[in-house]
Amino acid sequence: MFSFQLGTVAKVALCGSLGAAAGLAVHDLVRRRRLRKLGFTTADLSSRETILRKWAEIAVKQIPEKISLTQIESHVWSKASEYADARTALEKLGLERNSVFVASPQKWVVEFWLTHEVGLFAAILDAPSYGIHTEFMVSYTDGSTVSFENTEECGRQHLETHNWIHCGPVAPDQLLYTARRERQDHHVGQMRVADCVQTYERATNVSLAWRRRVGFSPEEMKHTYERQRRKRSLLRRLL
């Protein structure tokens, strides 16, 4: 009886609500099918907590044992304008552009930049998870490193001996200022390209081995999910 007493506007609103509900149901069904293809069971889908735990297990299995940096002749940067801005900024700081390497098997790209500043070097990276960003890495005589990058906080733990500090979307000159301020006295001194490659490989591979051992916590996976959702939402608004 109630439906026959609704006005035209109310009927349209009701149809819209039912359509939205149906859309959400279809989306949930598609999402569940995709998760099952990844190896999720019905029990894994019983709660957000179990989903995050299973996702963490899958993520750990996908971590390579190690990466190796291989020099390449050139690279088509995913966002040419962002790369051009980063390159110009490093050139203005007096850094020297050097070789480009691809990290296998993960397929992210790093271009090294040398500086007269002792104990550190810079890099422009093109990675699927973060896009194009800039780093300044400080290397120490005890084998430890600290990297300062202009990315948003990832919500994940990092090794004390190989720490990646997310400084937010700041300019390269601010990253350099932070690296200078935080740099300790036991740095390695002047660095060549070969030193940069070796340092970056070692820091990454030690971190990968540690991560395979400790895994990911549900809280880390939740933060990753929320970050990816915000990114997708921003992309939809831009488009």
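The values are calculated or read from the model by the stated rules, or taken from the named source; none is laboratory data. Since the model is a prediction, treat every value here as computed from it, not as a measurement. Glycine also receives a Cβ, built like all others from the backbone with ideal geometry; neighbour counts cover every protein chain displayed.
Within the stretch 172-201, if we keep just the residues that are within 25 Å of GLN106 (Cα to Cα) and surrounded by fewer than 16 Cβ atoms within 10 Å (Cβ to Cβ), the residue that is farthest from the chain's Cα centre (by Cα) turns out to be ARG192.
At least 2 residues that are modelled with pLDDT of 95 or more and touching a strand residue (DSSP E or B) at 6+ places or on another chain (Cβ under 8 Å) in each: list the helices (runs of 4 or more DSSP H) lying fully within the stretch 159-239 that qualify.
Working: elements: 172-182, 193-214, 218-238.
Hits in the stretch 159-239: 172-182, 193-214.
Scoring TRP55 on the criteria (1) part of a helix (DSSP H, G or I); (2) under 30 Å from GLN198 (Cα atoms) leaves a single failure, condition (2). Among the residues of the stretch 80-92, is any surrounded by fewer than 18 Cβ atoms within 10 Å (Cβ to Cβ) and in a loop (DSSP other than H, G, I, E, B)? Within the stretch 80-92, none of the residues are surrounded by fewer than 18 Cβ atoms within 10 Å (Cβ to Cβ) and in a loop (DSSP other than H, G, I, E, B). Residues in the stretch 134-149 that are without any contact (Cβ under 8 Å) to a residue 40 or more places away in the chain and crowded, with 20+ Cβ neighbours inside 10 Å were compared, and the one that is farthest from GLU91 (Cα to Cα) is VAL146.
Looking at THR41, THR70, which one is assigned to a strand (DSSP E or B), loosely packed, with under 12 Cβ neighbours inside 10 Å and either at pLDDT 75 or above or under 25 Å from the mean Cα position of the chain (by Cα) (or both)?
Details: THR41 fails: assigned to a strand (DSSP E or B).
Answer to the check: THR70.
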